[in-house]
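Everything below concerns the one structure shown next.
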Amino acid sequence: MIASTPIQIERTTTPKPKPPQDKLGFGIYFTDHMFIMNYTAEFGWHRSRIVPYQPITLDPAAKVFHYGQTVFEGLKAYKTADGRVQLFRPDANMKRMNRSNDRMSMPPIPTELALEAIKGLAKIDQDWIPDGEGNSLYIRPFVIATEALLGVQPSLEYQFIVIMSPVGAYYPEGINPVKIFVESHYVRAMVGGVGEAKTAGNYAAGLKAQDAAKDQGYTQVLWLDGAEHKYIEEVGSMNVFFKIDGTVYTPALNGSILDGITRNSVIRLLKHWNVPVVERVLSIEEIYEAGKNGKLEESFGTGTAAVISPVGELNWRGEKLIINGGKTGQLSEKIYNDLTGIQYGKLEDPFGWMIEVH
Ligand SMILES: *Cc1c(COP(=O)(O)O)cnc(C)c1O
């Protein structure tokens, strides 16, 4: 492995106009540069470079197209009020990427090199980090199998690419609860499968249920376990939490649940505040029971894009459960304010989560 290769930089000669700050949306616009690096069995990771944002050319037989050997990550860069640029826990993303790579029989990427790539790219395109409440720069590292060979074996060639997109506030009108359909037919993942890897097929497999839920007026689905359709896994592509009688519960990581960095950060924040938090198997039945007994106080999803997404309503087999009167709970709001406060440099960061880009 040639981990010490310096990153070559080719700057664009035709910078793009920046999009209007109030119309950013999510993943629509891309910055002027991208990072790219190649892997071959012979040379390991090599040719690390930052180049103008551009299309890539692949052989139609590239394995990623046929057998889905691919992994992605998602993290954000924030601009603070005094103009500093900081990343939220990028080391955690790179460690998770390597766990995903391992599950998908893909080679690990030296964490230091991947971090250097992300920092270098965020620095060169720092003018693209929008300021303004709630705006940020979404960073999408991904790895694809590029060997042109139709045999079903791990690819011997890969590319690691990082692209970046300025994104708008997830809640332009303030944090808002969503309605969630509890999915009893389709499943997202199975224990022993690839649910804990951030790999493309998991998301393709979820679209059908997501579309059906949307047709019925629900924003997303709540996934139950693949074996019995009884135990709670995730909401859409977020981890999920429930506050019951003063204690916060979230499904324990079991191999089919993605190990969210926001999930981990929320657990650490709650422990820091001495709020009881429990990771264990959680059935949908006990959530409904807690709801009926008046003990279910709040529920929320967690993920990089939204940070916190309060759940105001569940629908399980036609039975609706309204949570906290369909309003954002106090604890959900406090977690949201504190996490985003740390991310935007407005609050102290007692955990050392923020990494400044110089
Ligand atoms: C990315 C993702 C999450 C959230 O992870 P974060 O690191 O908090 O962004 C949760 N579930 C799934 C399925 C995901 O893909």
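The values are calculated or read from the model by the stated rules, or taken from the named source; none is laboratory data. Predicted model, so just to flag it, every value in this text is computed and none were measured. No Cβ is skipped: glycine too gets one built from the backbone with ideal geometry, and neighbour counts run over all protein chains shown. Heavy atoms of the whole protein, side chains included, go into the accessibility calculation; ligands, DNA and RNA do not. Shrake-Rupley method; radii C 1.70, N 1.55, O 1.52, S 1.80 Å.
Things to note:
- The slack in the chain from Phe43 to Trp273, taken as 0.36 nm per residue of separation less the alpha-carbon distance, amounts to 78.0 nm.
- Computed over neighbours whose Cβ is under 12 Å from that of Leu331, the net charge equals -2, Lys and Arg +1, Asp and Glu -1.
- A straight line joining the Cα centroids of segment 71-113 and segment 8-27 runs 21 Å.
- Binned Cα-Cα distances of the chain, short to long, each 10 Å bin given as a whole percent: 5, 23, 32, 26, 12, 2, 0
- The chain, dipole about Cα centre (Lys/Arg Cβ +1, Asp/Glu Cβ -1), debye to the nearest 20: 220 debye
- For the pair Lys230 and Phe65, a Förster radius of 30 Å applied to the C-beta separation gives a FRET efficiency near 0.25, rounded to the nearest 0.05.
- Computed FRET value (nearest 0.05) for Glu356 with Ala212, which takes r as the C-beta separation and R₀ as 51 Å: 0.70
- Among the protein heavy atoms of the chain, carbon and sulfur supply 51% of the accessible surface, probe 1.4 Å, non-protein parts ignored.
- Sparse packing (at most 16 other Cβ atoms within 10 Å of the Cβ) combined with a DSSP loop state is found for the following GluC sites (Glu not before Pro) in segment 122-188: Glu133, Glu173.
- Mean separation of Cα contacts under 8 Å, 6 or more apart, over the residue count of segment 1-156: relative contact order %: 29 percent
- Summary value for segment 69-228: 25 percent relative contact order, contacts being C-alpha pairs under 8 angstrom separated by 6+ residues.
- Approximate spin-label separation Thr247-Ile322, in nm, with each point projected 7 Å along Cα-to-Cβ: 2.8 nm
- Taking label positions 7 Å along the Cα-Cβ direction at both Phe26 and Asp127, the computed distance is 2.9 nm, reported to one decimal.
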